[in-house]
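Written below as structure tokens is the structure these notes are about.
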Amino acid sequence: MATIGVAIPIAEPYGTELQKYRAEFGDPMASSIPTHVTLLPPTEVADDQLAAIDEHLLEVAARFPSFRIRLRGTATFRPISPVVFVPLAEGISSCEVLQSQVRSGPLEVELRFPYHPHVTVAHDLEKDALDRAYDALAEYDCAFDVAEFSRYEHGADGVWRPQRSFPLAG
């Protein structure tokens, strides 16, 4: 079995910048999780399904056009979940449609929560650290074009690593 996820990597220099912020806020997962917008949350699949999953993802990417994401400000899922994130100000509907296409066929899975595209910058930290993250990035603003998404795999060491990229070509 493999644990995979599908996500949009955050373009540089913003991905590294937000990952550094996450580390500064004290999030121990900062170095283990590349900065991203989730399309498919962690999902266990049989190793022999990976080829079919990649074929499915290639088909989705071939039909889907590139689009723009703008990240702006901060938001939180508290009190439901101890998370601070940078929300999307542009690209929400494209992410919603893309994730629904990714989560079809061999990747049809039930979500625990309604889909809400975002970039996590602090997770499972003390209240003061979450407050600091919320305040520190309140004025954050960046934009970039999304030209691909990636399939990640969770390693035995707890690190998420990209395994394959899927260029948007629709």
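The values are calculated or read from the model by the stated rules, or taken from the named source; none is laboratory data. These numbers were taken from a predicted model, which means no experiment stands behind them. A quick note on method: Cβ atoms are made from the backbone with ideal geometry, for glycine too, and the neighbour counts reach across all protein chains shown. The accessibility values were calculated without ligands, DNA or RNA, using every heavy atom of the protein model including side chains. Shrake-Rupley method; radii C 1.70, N 1.55, O 1.52, S 1.80 Å.
Counting the residues of region 59-78 that are within 11 Å of Leu168 (Cβ to Cβ) and either assigned to a helix (DSSP H, G or I) or open to solvent by 80 Å² or more (accessible area, probe 1.4 Å) (or both) gives 4.
Taking region 84-95 as the range and being in a strand (DSSP E or B) and open to solvent by 10 Å² or more (accessible area, probe 1.4 Å) as the test, the residues that pass are Pro87, Leu88, Ala89, Glu90.
Condition check ((1) of a type in the set (Gly, Ala, Ser); (2) touching a strand residue (DSSP E or B) at 6+ places or on another chain (Cβ under 6 Å); (3) without any contact (Cβ under 8 Å) to a residue 40 or more places away in the chain) across all residues:
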| residue | (1), (2), (3) |
| --- | --- |
| Phe25 | no, yes, no |
| Ser32 | yes, no, no |
| Leu50 | no, no, no |
| Glu55 | no, no, yes |
| Val83 | no, yes, no |
| Ser100 | yes, no, yes |
| Glu110 | no, no, yes |
| Thr120 | no, yes, no |
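From the list Arg70, Arg103, Arg78, pick out the single residue that is among the basic types (Lys, Arg), out of contact with any His (no Cβ under 9 Å at 6 or more places or on another chain) and under 20 Å from Asp145 (Cα atoms). Going through Arg70, Arg103, Arg78 in turn, the sole match is Arg70.
Can you name the residue in region 96-113 that is among the β-branched types (Val, Ile, Thr) and surrounded by fewer than 16 Cβ atoms within 10 Å (Cβ to Cβ) and is also farthest from Asp54 (Cα to Cα) among such residues?
Checking each candidate, the answer is Val97.
Look at His56 and say whether it is in contact with a helix residue (DSSP H, G or I) (Cβ under 8 Å, 6 or more places away or on another chain) and of a type outside the set (A, V, I, L, M, F, W, C). Judged against the criteria, His56 is a match.
For region 52-63, the criterion of a residue being among the β-branched types (Val, Ile, Thr), more than 18 Å from His118 (Cα to Cα), in contact with a Phe, Trp or Tyr (Cβ under 9 Å, 6 or more places away or on another chain) and at pLDDT 95 or above is satisfied by at least one position. Checking each residue in region 117-161 for being over 19 Å from Ala62 (Cα atoms), in a strand (DSSP E or B) and open to solvent by 60 Å² or more (accessible area, probe 1.4 Å) picks out His123, Asp141, His154, Arg161. Applying the criterion of being open to solvent by less than 60 Å² (accessible area, probe 1.4 Å) and more than 14 Å from Ala136 (Cα to Cα) to the residues of region 17-35, the residue that is farthest from the chain's Cα centre (by Cα) is Asp27. Going through (1) within 24 Å of Val121 (Cα to Cα); (2) surrounded by fewer than 17 Cβ atoms within 10 Å (Cβ to Cβ) one by one, Asp47 falls short only on (1). Taken together, the criteria exclude Thr38 from residues that are more than 14 Å from Phe85 (Cβ to Cβ), among the polar types (S, T, N, Q) and either open to solvent by 60 Å² or more (accessible area, probe 1.4 Å) or part of a strand (DSSP E or B) (or both).
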